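Novice: I have a structure here, written as structure tokens, and I will follow up with some questions on it.
What follows is calculated from the coordinates using simple rules that are stated; it is not laboratory data. Please read all numbers here as calculations on a predicted model, not as lab measurements. Note that we place each Cβ from the backbone using ideal geometry, even for glycine, and neighbour counts take in every protein chain shown.
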Amino acid sequence: MARTVLDRSDAVLALAGVFRKRGFEGGSLSVIQQETGIGRGSLYHFFPDGKTDMARAVLDQVNDWFEEKIFEPLRTATDPHQAIADMSREV
């Protein structure tokens with residue numbers, strides 16, 4: 001049964017798990033549907049360019065996470081030791 005996806009970000013999180021587990025090549029559309037529970041129509045609604053668009057969205061989300069949780073705090077830290085400890089906790 002297809003799962004209810006509230007928005008694109010929900011789909012991106014589900015896709016991240018598939019790509020982490022299977023890799024890009026191992027994540028066929030049928031595997032993606034099976035492991036995320038997201039129907040083909042919903043996938044193409046959120047990602048019109050298919051699997052490449054899905055992978056791009058996952059990589060963008062990972063990049064945003066690193067920027068927000070790791071790089072920006074390190075750049076703006078006043079205490080480098082605390083910044084490294086905070087970064088380690090996030091990772």
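Novice: Residues of the range 5-40 being surrounded by fewer than 16 Cβ atoms within 10 Å (Cβ to Cβ) and of a type in the set (Phe, Trp, Tyr), which ones?
Specialist: 24, the sole residue that qualifies.
Novice: Could you list, in sequence order, all residues of the range 1-35 that are outside any helix (DSSP H, G or I) and touching a Ser or Thr at 6+ places or on another chain (Cβ under 6 Å)?
Specialist: 5
Novice: Just to be sure before I move on: is residue 46 within 10 Å of the chain's Cα centre (by Cα) and buried (at least 16 other Cβ atoms within 10 Å of the Cβ) in the structure I sent?
Specialist: no
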